[in-house]
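The values are calculated or read from the model by the stated rules, or taken from the named source; none is laboratory data. This one's a predicted model, so the numbers in the text were calculated from it and none came from an experiment. Neighbour counts are summed over all protein chains in view; Cβ atoms, including those assigned to glycine, are modelled from backbone coordinates with ideal geometry. When the accessible area is computed, the model is the full protein with side chains, heavy atoms only, and any ligands, DNA or RNA have been set aside. Shrake-Rupley method; radii C 1.70, N 1.55, O 1.52, S 1.80 Å.
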Amino acid sequence: MYAGDVDGDGDLDLMAASSFHGKIAWYENGSPITISGRALSLDGADDYIDFSKLAGDLTANSTFEAWVKPDMDNQTEGTGILFARNATTGGNVLLIGIENAASPDSKQLRVFDEDSGNWEISSLALTSNQWYHVAYTLSGTTGTLYLNGQEVGTHSLGAALASDDKLSVGQEYDNGLATGNILLAEIDELQFWDTALTQDQIQQNMYQSLRGTEYNLAGYYSLDKVVGFNAIDKTSNKYNSPMHGSPSPSNDTHPYGTYITGNEGWRMLTAPVGGASYGELLDPLWTQGFTGADAPDNGNSNVLIWDETTQALTSISNASDVPSVGSGFLAYVYDDDDYDGAGDGFPKMIQTDSTQRSDSVSPTLSFTDSGTIADDGWNLVGNPYGATINWDAASGLTYSNLDASFYVWSDSANSGAGDYLSWNGSVGTFGGGEIAPWQGFWVKANATSPTLSLTDEARNAGGVFRKEAPVAQLGFTLAGETLSSKTILMFSDKASLEKDVLDAYKLKSLNPDNYLSLFTQLEDGAGLDINALPISLDEPISIPLDFEFASSTDGSSSTPNNMELSWNPENLPDEMTMMLVDNQTGTEINLTDAS
């Protein structure tokens, strides 16, 4: 999906000094120097960035995104402009501004439309010196403002857009001149898209650092590296944008977090930051059953950790406990955030101000031999970074004495009843190797001294991924009236008839009262989600296919009257014959054609 390392270091088209208006920042002995930071500070006096090169790409369908930490208490301008689009000869086509503390509309985020001459959208009051994510999308003539991933309002943009419009962050242009409404704030992660992103896409992207190769990304300025007096565009467009005044690098950083979507239920989580406690990570959610929780003595704990040596889930001890690096945990997310009897709805946002990890991470793993292979070596780990990682990365992720599969609990699988999904690097019910930020997952050790090591190169937003030849496989889906489940047979010269590292177990549902589980079986009776078999066989073999079902408050397994089994063969060798045998009727069905 993504390839290459576009980091903005090469072929910098720096402005000639004669065309630069204002003070030159970050010079040493007359030469531009590189300063690295995490954000950029605008002084509220004359600092801004000119993004006019992007105007031609940002037409009737576009998106602007930024993290901003406004200092409204000390901002002298009545309105500090976060983003401005102005006609070349004058006129404010579109403004996104932040009012100062003394303004009649104190501390609001607002959108101005020149066609109406009014502030069309206004947010609730903001808090000074607090980070906010701002996004504005334009779809045709409909503009939509989002604050922290939630829609604030919409308006109809009547002003005409032109490819030679002037665009800026930190101030506005009047009559072609930079004249005022300077913003006092820290800014970070400026993104310009030549498409109108959906709210879901904004929520998925807002906490992730990009690499610049994402589809429809017109300009990306992480602001963690500035060369000379240009903000560096990390996309292939190389729209390096001149900074005016004297913006300075800041070691401050915007929060990192995620959205929890779906419905009430269990989630597998981790901490993509260092030093944050369970209490900090889960602060917006209802917690119970442990010291420091919202209700320490109210029912069972809803935050659990796994002990591989005892093969048991146990409660955390205290909300102040800090998860170990790369470890995962289970949290039951209630709809009701404050135990007042009324649901508060989804999605729910959790975030932390702690610094995102970028170092190498090696979670502590163990293998305890109990004599039952299916029970041993399970370790609950997690994505340690604030960006998606890929299990299939050619570099940045290595392991030893582990099975090839990872397992994720998906709240939306099984028609919303939830299910464990797996991926072994080639096939799986999970559908791919991408592991999201904050996502916990299971891995299974198969020998003593297991290891798992990750570096930032495993991030899905960049790097090179292993290219696999088409995999011979046969996928089955069993669907009832409200539930469904999948299992996969794959064929490989690396597989065996016995348990091997490419096999993935069918894990028991976290929702035992409502589930459907389809699986094949090993000789010892263990159910498999992925059953890897040799692609060449000396003689015919029989593979048991079975299912379990429960859909009642007491977890009974009464089977519905009607269920449908479907299958989809992919890349099977021409000489391979596969038959489905009904053990009750003796009927045989050819599986080489989808049905």
*Any chance Ile187 is open to solvent by 10 Å² or more (accessible area, probe 1.4 Å), of a type in the set (A, V, I, L, M) and touching a residue at least 24 places away in the same chain (Cβ under 8 Å)*: no
_Cβ contacts < 7 Å: first residue within 17 Å of Phe64 (Cα to Cα), restricted to region 163-177; second residue among the acidic types (Asp, Glu), any location; separation 6+ or different chain. Result?_
Ser168/Asp50; Gly170/Asp47
*Could you look through region 475-504, keep only residues that are exposed (fewer than 15 other Cβ atoms within 10 Å of the Cβ) and of a type in the set (S, T, N, Q), and pick out the one that is nearest to Asn401 (Cα to Cα)?*
Ser496
_Residues being buried (at least 21 other Cβ atoms within 10 Å of the Cβ), hydroxyl-bearing (Ser, Thr, Tyr) and in contact with an Asp or Glu (Cβ under 6 Å, 6 or more places away or on another chain) - total across region 242-280_ = 1
*Sole exception among (1) over 30 Å from Trp442 (Cβ atoms); (2) in contact with a strand residue (DSSP E or B) (Cβ under 9 Å, 6 or more places away or on another chain); (3) basic (Lys, Arg) for Lys238, by number*: (2)
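Among the residues of region 313-334, is any of a type in the set (Gly, Ala, Ser) and more than 29 Å from Lys444 (Cα to Cα)? Before the answer, list the steps.
Kept after step one, since they are of a type in the set (Gly, Ala, Ser), are these residues of region 313-334: 315, 317, 319-320, 324, 326-328, 331.
Then drop every residue that is not more than 29 Å from Lys444 (Cα to Cα), which leaves none.
No, that holds for no residue.
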_Unique residue being of a type in the set (Asp, Glu), open to solvent by less than 20 Å² (accessible area, probe 1.4 Å) and under 30 Å from Ala479 (Cβ atoms) when the list is Asp376, Asp403_ = Asp403
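Among the listed residues Ala162, Ala185, which satisfies the condition of being out of contact with any strand residue (DSSP E or B) (no Cβ under 7 Å at 6 or more places or on another chain) and either of a type outside the set (Phe, Trp, Tyr) or assigned to a loop (DSSP other than H, G, I, E, B) (or both)? Quick ask: steps written out before the conclusion?
Details: Ala185 fails: out of contact with any strand residue (DSSP E or B) (no Cβ under 7 Å at 6 or more places or on another chain).
The unique qualifying residue is Ala162.
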*For Ala135, which of the numbered conditions (1) open to solvent by less than 40 Å² (accessible area, probe 1.4 Å); (2) without any contact (Cβ under 8 Å) to a residue 12 or more places away in the chain fails to hold?*
(2)
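So which residues in region 549-573 are hydroxyl-bearing (Ser, Thr, Tyr) and either in a loop (DSSP other than H, G, I, E, B) or at pLDDT below 90 (or both)? Please lay out each step first, then the result.
The first filter runs over region 549-573 and keeps only residues hydroxyl-bearing (Ser, Thr, Tyr), leaving 551-553, 556-559, 566.
If the condition is that a residue be hydroxyl-bearing (Ser, Thr, Tyr) and either in a loop (DSSP other than H, G, I, E, B) or at pLDDT below 90 (or both), then Ser551, Ser552, Thr553, Ser556, Ser557, Ser558, Thr559 are the ones that fit.
Table: residues versus (1) modelled with pLDDT of 95 or more; (2) of a type in the set (S, T, N, Q); (3) in a loop (DSSP other than H, G, I, E, B); (4) on the phi < 0 side of the Ramachandran plot.
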position	(1), (2), (3), (4)
Leu502	yes, no, yes, yes
Leu507	yes, no, yes, yes
Leu518	yes, no, no, yes
Gly525	no, no, yes, no
Leu528	yes, no, no, yes
Ala532	yes, no, no, yes
Asp538	no, no, yes, yes
Phe547	no, no, no, yes
_Those strands (runs of 3 or more DSSP E) lying entirely in region 334-400 with at least 1 residues under 19 Å from Val501 (Cβ atoms) and modelled with pLDDT of 90 or more_ = 378-382, 397-400
_Among residues of region 322-373, those that are more than 30 Å from Asp456 (Cβ to Cβ), open to solvent by less than 70 Å² (accessible area, probe 1.4 Å) and aliphatic (A, V, I, L, M), counted_ = 1
*Answer residue from region 309-321, given it is assigned to a loop (DSSP other than H, G, I, E, B) and open to solvent by less than 50 Å² (accessible area, probe 1.4 Å) and is nearest to Thr451 (Cα to Cα) among those*: Ile316
*Select from region 88-130 the residues that are among the small types (Gly, Ala, Ser), buried (at least 18 other Cβ atoms within 10 Å of the Cβ) and in a strand (DSSP E or B) and list them in ascending order.*
Gly97
*Hey, among the residues in region 197-238 that are among the aromatic types (Phe, Trp, Tyr) and surrounded by 22 or more Cβ atoms within 10 Å (Cβ to Cβ), which one's farthest from Ser163 (Cα to Cα)?*
Tyr207
